[in-house]
Amino acid sequence: TRPKLKAGNGEEFFARNGRWNIARKKLIRTSSVKRWSVVNFSARCDLRGLVQDLKRVATGMGLEYEDPHTVIEESPSLRRAPVARRVEEMFAQIKAKLPGAPLFLLCLLPERKNCEVYGPWKKKCLADFGIVTQCLAPQRVNDQYLSNLLLKINAKLGGLNTLLQIEAARAIPIVGKVPTIILGMDVSHGQPGQSDRPSIAAVVSSREWPLISKYRATVHTQSPKQEMMASLFKPRGTEDDGLIRESLIDFYTSSGKRKPDQVIIFRDGVSESQFTQVINIELEQIIEACKCLDDKWEPKFTVIVAQKNHHTRFFQTNSPENVPPGTVVDKQVCHPKNFDFYMCAHAGMIGTSRPTHYHVLHDEIGFSGDELQEFVHSLSYVYQRSTTAISVAAPIAYAHLAAAQVGTFMKFDDMSDTSSSQGGGHTSVGSAPVPELPRLHEKVRSSMFFC
């Protein structure tokens, strides 16, 4: 079915072919861009024009948009300085020129990919000061670019761009009836050749039930190349310092003091040989984390693994077109006994679109095949960064983003102390202490900072 979406001013519209246009539409829940400033790390750009264009596009989308307090330029003598110093100096200027801590910073970077300032800048803003920040590299900036940028800014500042109509009407089967938390879990590893780079585990969790569009993330490091998540439940004395506890508490406080009676877990990046480990190790840890919070509380669990690295493709006979968005295959090419299905939720570009293969490893909630497919399809439409359906359920996409962004915090830290103790990275797992990531500041901890 074609999902129906809701924008601001009560406007409702259908997605056509997995896409929709928000030009001349208002966003459904807008944040206000106030007490903010622009910082420029030596990017060449007509700044005044950019700020004016941003204001014009933002007003069209219904955002309250104040003019920036000031624009802070990096002094040219610092361009060749070490990255840490450039970021420190920029914050010294922010403290000197602003009356108090800004609520938002727009950061202009000189080059798009792999800009060395990005990681240290994000770390300083998110971990040390709790400031929401949006980076851009102004090469070809047009209105389309700016409206995409504002989708991200609105989501980061606590707004919502569009909602599914069934979500707004509390009409999602099963999930809309009983308090349900949706988790997305992913582990990202260093590039080949970096055997001593810790792996990064991210858990993204839904908040403000009955919404399925709002999420937050927690991220931890673990031993290099370890695929199973080690820190879902981490007892320290009587306390639990794991990733799941924080998600459950946040769900409770943001959903009107309700505990989730249903937990739906989307796990990415595991092969079929590891399915039993997901159930025996990860699900067990999640159950422990729930028991640690309240030993009388017994939610129902559903565990779904998503795989994109496979060689199955679908095409339409007698047509050069890709399969239409929303195509589901759950017969013939699936497992004869297990509960699995292929879904192509997105509109494929040129070339053959790759479906996502979902495996339901465990289902206590008791979804029928159609209900679960409809629900996963809905989750491809709640990704706040784009106006298209995406190829995988949004919590998984967010877990990738959170792991990647927080991973840049470590990229430029001096990792030599861990690499030397590991002797080339061939020692047994867990022999060297894994450097811990800095915790995010409480002001941004529950925001969609990764958006």
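The values are calculated or read from the model by the stated rules, or taken from the named source; none is laboratory data. Just so you know, these numbers come straight off a predicted model, no measurement behind them. Methodologically, a virtual Cβ is constructed for each residue, glycine included, from the backbone with ideal geometry; neighbour enumeration extends over all protein chains shown. When the accessible area is computed, the model is the full protein with side chains, heavy atoms only, and any ligands, DNA or RNA have been set aside. Shrake-Rupley method; radii C 1.70, N 1.55, O 1.52, S 1.80 Å.
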Q) Counting just the residues of the range 78-110 that are of a type in the set (A, V, I, L, M, F, W, C) and free of Cβ contacts under 8 Å to residues at least 40 places away in the same chain, which one comes out most open to solvent (accessible area, probe 1.4 Å)? A) Ala96
Q | Residue tally, condition more than 17 Å from Thr302 (Cβ to Cβ) and assigned to a strand (DSSP E or B), over the range 362-396 | A | 1
Q: Can you confirm whether the range 173-183 contains a residue that is within 19 Å of the chain's Cα centre (by Cα) and open to solvent by 50 Å² or more (accessible area, probe 1.4 Å)?
A: no
(Q) Cβ-Cβ distance below 6 Å, separation of 6 or more or different chains: which pairs start in the range 155-168 with a residue that is open to solvent by 30 Å² or more (accessible area, probe 1.4 Å) and end on one that is of a type in the set (Gly, Ala, Ser)? (A) Leu157/Ser31; Gly158/Ser31
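For every residue, the table says whether it meets (1) β-branched (Val, Ile, Thr); (2) over 14 Å from Cys451 (Cβ atoms); (3) modelled with pLDDT of 90 or more.
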| residue | (1), (2), (3) |
| --- | --- |
| Glu88 | no, yes, yes |
| Pro99 | no, yes, no |
| Gln134 | no, no, yes |
| Arg140 | no, yes, no |
| Leu150 | no, no, yes |
Q) Any idea which residue in the range 228-246 is least open to solvent (accessible area, probe 1.4 Å), counting only those that are more than 23 Å from Val270 (Cβ to Cβ) and not in a loop (DSSP other than H, G, I, E, B)? A) Asp240
Q.
Please pick out the residue among Ile182, Ile174, Ile166 that is among the aliphatic types (A, V, I, L, M) and at positive phi.
A. Ile174
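Residue by residue through the range 117-128, note down the ones that are more than 20 Å from the chain's Cα centre (by Cα) and crowded, with 17+ Cβ neighbours inside 10 Å.
Val117
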Q) List, please: which pairs have Cβ atoms under 7 Å, are six or more places apart or on different chains, and start with a residue in the range 436-451 that is on the phi < 0 side of the Ramachandran plot and end with one that is modelled with pLDDT under 85 and surrounded by 19 or more Cβ atoms within 10 Å (Cβ to Cβ)? A) Leu437/Phe409; Leu437/Met410; Pro438/Phe409
Q: Output the number of the condition that Arg44 fails; it satisfies all remaining conditions of (1) surrounded by 15 or more Cβ atoms within 10 Å (Cβ to Cβ); (2) more than 27 Å from Met343 (Cβ to Cβ); (3) not hydrophobic (A, V, I, L, M, F, W, C).
A: (1)
Q.
Criterion first (free of Cβ contacts under 8 Å to residues at least 40 places away in the same chain, in contact with a Leu (Cβ under 9 Å, 6 or more places away or on another chain) and open to solvent by less than 20 Å² (accessible area, probe 1.4 Å)) does Ser213 satisfy it?
A. no
Q.
Looking at Val38, Val87 in this structure, which one is touching a helix residue (DSSP H, G or I) at 6+ places or on another chain (Cβ under 6 Å) and farther than 30 Å from Tyr381 by Cα?
A. Val87
Q.
Looking at the range 270-290, can you tell me whether even one residue there is open to solvent by less than 10 Å² (accessible area, probe 1.4 Å), at pLDDT below 85 and in a loop (DSSP other than H, G, I, E, B)?
A. no
(Q) Return the residues of the range 247-269 that are in contact with a Ser or Thr (Cβ under 9 Å, 6 or more places away or on another chain) and buried (at least 22 other Cβ atoms within 10 Å of the Cβ); say none if nothing qualifies. (A) Ser247, Leu248, Phe251, Pro260, Val263, Ile264, Ile265
Q) What's the number of the condition Val57 fails, among (1) buried (at least 17 other Cβ atoms within 10 Å of the Cβ); (2) under 19 Å from Gly130 (Cβ atoms)? A) (2)
